[in-house]
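Asker: Sharing a structure, written as C-alpha cells. Questions coming.
The values are calculated or read from the model by the stated rules, or taken from the named source; none is laboratory data. A quick note: this is a predicted structure, and the numbers were derived from the prediction, not measured. When we count neighbours, we look across all protein chains shown, and the Cβ atoms used for this are built from the backbone with ideal geometry, even at glycine.
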Amino acid sequence: MDVRQIVIGDAPSVQAIYAPYVTDTIVSFEEVPPDIMEVERRIAAILPRYPYLVAEEHGRIVGYAYASEHRTRAAYRTSVDVTVYVAPGAQRSGVARHLYSHLLPAAASLGYHAAFAGIALPNQASVGLHEAMGFEPIGIYREVGRKFDAWHDVGWWQRLL
C-alpha cells in the first residue's frame, strides 16, 4: 500500500468513498454528500496548511485521511482535528492505521501539537482504531447531532503529537 499527498484529481475517488458514509451511516453528520466540485474545494482549502493523504493499492485509492483546523481562535493554532475514511471492501485491512501512521507525524512536522478526533457513537471500529493509535478519550457531547430522526452523541479523543 502506498501513501501519498492528495491531488485535486483524486476528488472523484474521495467523493465515492465518502458519499456512502453520508447517505447510509451516522459516521458523518452531513446529510447530503458533497459533489466532486465541493470535494475539490475542500481539498484546496486544506492543503496549504494541513496534511491530506490518500492510500493506494494497485493504483486504486482505498482511503484518505487529513488534518484540519480544530477551532478558529488563535490559541488553538497548534491543534488539529483528524479524519480518516476507508473504501468499502478495504475496511479492517490496516488502511486507516497506515494512513494515520503517516498523517500524525506529518502534522507534527508542520508544528502541530495536539490532534483531536470526534467520533459519532456508537462506533467501536473507530474507537478501537484511535485508541490503538494512541488517542485517549476526553469527553462526550451528548445528543449533539440529529440524523435519521435520532439523536447521536459524539465522543472526543486526543493525542499529543
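Asker: Could you list, in sequence order, the residues of segment 20-53 that are crowded, with 17+ Cβ neighbours inside 10 Å and farther than 26 Å from Ser93 by Cβ?
Answerer: Correct list: Glu40 only.
Asker: While we're here: Kindly establish whether Ala90 is among the aliphatic types (A, V, I, L, M), in contact (Cβ under 8 Å) with a residue 12 or more places away in the chain and either over 24 Å from Ala125 (Cβ atoms) or part of a helix (DSSP H, G or I) (or both).
Answerer: no
Asker: Tally time: how many residues in segment 126-159 are among the aliphatic types (A, V, I, L, M) and either outside any helix (DSSP H, G or I) or modelled with pLDDT under 95 (or both)?
Answerer: 6
Asker: Something else now. Pro12 fails exactly one of the following numbered conditions: (1) of a type outside the set (Gly, Ala, Ser); (2) assigned to a helix (DSSP H, G or I); (3) under 27 Å from Tyr141 (Cα atoms). What is the number of that condition?
Answerer: Exception for Pro12: condition (3).
Asker: Only one of Ala75, Ala87 is among the hydrophobic types (A, V, I, L, M, F, W, C), more than 13 Å from Arg4 (Cβ to Cβ) and more than 16 Å from the chain's Cα centre (by Cα); which?
Answerer: The unique qualifying residue is Ala75.
Asker: Among the listed residues Tyr85, Tyr100, Tyr112, which satisfies the condition of being buried (at least 16 other Cβ atoms within 10 Å of the Cβ), over 23 Å from Glu56 (Cα atoms) and not polar (S, T, N, Q)?
Answerer: From the options Tyr85, Tyr100, Tyr112, the qualifying one is Tyr112.
Asker: What residue, of Tyr18, Tyr66, is part of a strand (DSSP E or B), touching a residue at least 60 places away in the same chain (Cβ under 8 Å) and touching a Pro at 6+ places or on another chain (Cβ under 7 Å)?
Answerer: Tyr66
Asker: Here's a follow-up. Can you confirm whether Glu56 is surrounded by 14 or more Cβ atoms within 10 Å (Cβ to Cβ) and over 25 Å from Trp157 (Cβ atoms)?
Answerer: When the stated conditions are applied, Glu56 passes them.
Asker: Also, quick follow-up: Is it the case, given these coordinates, that Ala107 is surrounded by 19 or more Cβ atoms within 10 Å (Cβ to Cβ), within 25 Å of Leu47 (Cα to Cα) and not acidic (Asp, Glu)?
Answerer: yes
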